[in-house]
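Only one structure is covered here, and it is reproduced in the block below.
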2 protein chains.
Amino acid sequence: MTPTSEILTAERILEATEEVLRRHGPAKATVVDVARALGVSHGSVYRHFRTKAALREAVTKRWLDRTSEALSGIAAEGRDPEARLRGWLAALFEAKRRKAGDDPELFATYTVLTGENGTAVGEHLADLTAQLTRIIRSGVDTGVFTADDPEATARAVFQATGRFHDPGYAREWGLPGVEEEFAAVVELLVRGLRA
Amino acid sequence: MTPTSEILTAERILEATEEVLRRHGPAKATVVDVARALGVSHGSVYRHFRTKAALREAVTKRWLDRTSEALSGIAAEGRDPEARLRGWLAALFEAKRRKAGDDPELFATYTVLTGENGTAVGEHLADLTAQLTRIIRSGVDTGVFTADDPEATARAVFQATGRFHDPGYAREWGLPGVEEEFAAVVELLVRGLRA
C-alpha cells in the first residue's frame with residue numbers, strides 16, 4: 001500500500017499543510033502544493049476544507065491546540081492548587097519557548113497565520129483562561145487562594161504573565177535573566193492570590 | 001524679530017523635527033525638511049546633531065522622556081507607597097493611552113523610531129524601573145511592602161503590567177473592559193507586595 005492510497009483524513013491534510021507551510025512560507029503555500037505533497041487532486045483537499053482560508057484556519061487551530069492540550073492535564077490534576085498554578089505557568093512558558101526556539105521559521109509562519117485567524121486565537125485564549133480559572137477556583141474552594149471573581153483573576157494572571165507567552169515577546173525568551181524575571185512575576189502573583 | 005532670527009536651540013530643532021515627522025512620516029522625513037521648516041541651512045541643524053541618526057535618536061528620547069518626567073513626580077511624592085504605586089501605574093497607562101489615542105499617526109511614527117533606537121528605549125525603561133524601585137523600596141522601608149530585592153520586584157511589576165504600557169498592545173487599550181482588566185492586574189500585584 002503506497003501512502004497515497006491511505007484514507008485521506010483531515011489530520012493527514014493538516015500535517016501536509018504544515019509541511020508545505022514550513023517549506024514555502026505562509027505567503028506562497030497553496031492548496032495545490034498540499035495536494036501535490038499528498039499525491040491527491042486539489043479537489044480531494046477541498047472536500048475536507050472548503051476554502052484555502054478554512055484550511056489555513058484549521059492548521060492554525062491545530063498548532064494552538066497542541067499547547068492547550070499539553071497544559072490541560074496540569075489544570076485537571078489533583079495536587080495542590082499553588083503547585084498546579086506554578087506548574088501550569090512554567091509549562092506554558094516552556095511550550096511557547098520551545099515552539100519559538102526549536103523551529104523559528106515555522107514559528108514565524110504561524111505568527112503570520114495567527115494574525116489572520118482572530119477567531120482561532122480568541123478560542124485558544126479562552127481555552128487557556130478557562131484552564132487557569134479551573135486552577136484558581138480549586139484554590140478558592142480549598143481555601144488557599146482568595147479571588148472574588150476567579151475568571152477575572154485568571155485573566156489577570158494570564159495577562160500579567162504575557163511577557164512569557166505572548167509571541168510578540170519571543171525575542172526576549174532567550175535573553176539572560178529571563179528565567180529569574182519569570183520567577184519574580186510568578187512569585188508576586190502567587191503571593192497576591194494567597195488567602 | 002522673525003522666528004528664523006531666534007537662537008537655534010536643540011529644543012527648537014527637536015520641535016521642528018517632530019512636526020516634520022508628523023507631516024512626512026518616519027520613512028520620508030529628512031534633515032533638509034527640518035532645516036527648511038526652521039528657515040535655516042541644514043548645516044545649522046548638523047551643528048547641533050551630527051547625523052540624521054543622532055537627530056532621530058534625540059527626538060525619540062524627547063518623546064519617551066515626556067512620559068517619564070510626568071511620572072517622576074508621583075514616584076517622589078511623600079504619600080503612602082501603596083497609593084503612590086497605584087497612582088504611578090495608572091498614570092503610566094493613561095499617558096501611553098493618551099499618546100496612542102490622541103495622535104495615532106505620531107504614535108505610529110514613534111513606534112518606528114523606538115524600533116530603531118534601542119539605546120534610548122533601554123534608558124527609558126531603566127528610568128521607569130528606577131522610579132518604580134524607589135516606590136517599592138519606600139514601601140519596604142515603612143513596612144507596608146515585602147520585597148527581598150526591590151529592584152527585581154520593580155522589574156516584575158513593570159513586566160506584569162506590560163499589557164497596559166507596552167506600545168505593542170496599543171490596539172487593546174480602547175477595548176471595552178480594559179479598565180477592569182488593568183484594575184484586576186494591579187490589585188493582584190499590590191496584594192502580592194503587601195507585607
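The values are calculated or read from the model by the stated rules, or taken from the named source; none is laboratory data. A quick note: this is a predicted structure, and the numbers were derived from the prediction, not measured. Glycine gets a Cβ as well: all are built from the backbone with ideal geometry, and neighbour counts include every protein chain shown. Ligands, DNA and RNA are excluded from the accessible area calculation, which covers all protein heavy atoms including side chains. Shrake-Rupley method; radii C 1.70, N 1.55, O 1.52, S 1.80 Å.
Miscellaneous remarks
- Placing a label point 7 Å from Cα along the Cα-to-Cβ axis, residue B:178 is separated from the same position in the other copies by 2.6 nm, shortest listed first.
- Exposed-loop-free span, longest in chain B, where trypsin sites (Lys or Arg not before Pro) count as exposed if DSSP calls them loop and at most 13 other C-beta atoms lie within 10 Å: B:80-195
- Rounded to the nearest whole Hz, the Karplus-based 3J(HN,Hα) values (6.51 cos²θ - 1.76 cosθ + 1.60, θ = phi - 60°) of the stretch B:160-165 follow the sequence 5, 9, x, 4, 10, 8, with x at glycine and proline.
- Dipole magnitude of the protein assembly as shown about its Cα centre (Cβ charges: Lys, Arg +1; Asp, Glu -1), debye to nearest 20: 960
- For the stretch A:64-81, 3J(HN,Hα) per residue [Karplus equation, 6.51 cos²θ - 1.76 cosθ + 1.60, θ = phi - 60°, Hz, x = Gly/Pro]: 5, 5, 4, 6, 5, 5, 4, 8, 4, x, 5, 5, 8, 4, x, 6, 5, x
- Rounded to 10°, Cα long-axis angle of helix A:104-116 versus longest principal axis of chain A: 90
- Cut-off under 5 Å, modelled amide H: who pairs with residue A:145 long-range: A:140, A:195
- Surface share of carbon and sulfur [accessible, 1.4 angstrom probe, percent] for chain A: 54
- Against chain A, whose longest principal axis comes from its Cα atoms, helix A:118-141 is set at around 30 degrees.
- Aspartates and glutamates whose Cα lies under 17 Å from that of residue A:61, excluding same-chain neighbours fewer than 8 positions away: A:11, A:15, A:18, A:19, A:69, A:116, A:123, A:127, A:166
- Projecting the Cα atoms of A:38, A:150, A:10 onto the charge dipole of chain A (Cβ charges, centred on the Cα centre) puts A:38 farthest toward the positive pole.
- Whole-number D in µm²/s for the protein assembly as shown (Stokes-Einstein; Kirkwood sum over Cα pairs; 10 °C, 1.306 mPa s): 66
- With 10 Å bins from 0: P(r) over the stretch B:1-50, alpha-carbon pairs, percent: 28, 59, 13, 0
- Occluded residues from the stretch B:123-163, i.e. those whose accessible area drops by 40 Å² or more once the chain is not alone (1.4 Å probe): B:156, B:159, B:160, B:163
- In this structure the stretch B:59-193 gives 43 Å² per residue of accessible area when probed at 1.4 Å with all protein chains present.
- Computed 3J(HN,Hα) for the stretch A:89-97, one whole-Hz value per residue from the Karplus formula 6.51 cos²θ - 1.76 cosθ + 1.60 where θ = phi - 60°, is 5, 5, 5, 5, 4, 4, 5, 5, 5, glycine and proline marked x.
- Subset of A:28/B:28; A:99/B:52; A:28/A:99; B:52/B:99; A:52/A:99; B:52/B:96 violating a 32 Å alpha-carbon distance limit: A:99/B:52
- Buried accessible area, chains A and B (both chains, 1.4 Å probe, Å² to nearest 100): 1700
- Of interest is the spacing of the C-alpha centroids, which for the stretch A:39-80 and the stretch B:99-129 amounts to 37 Å.
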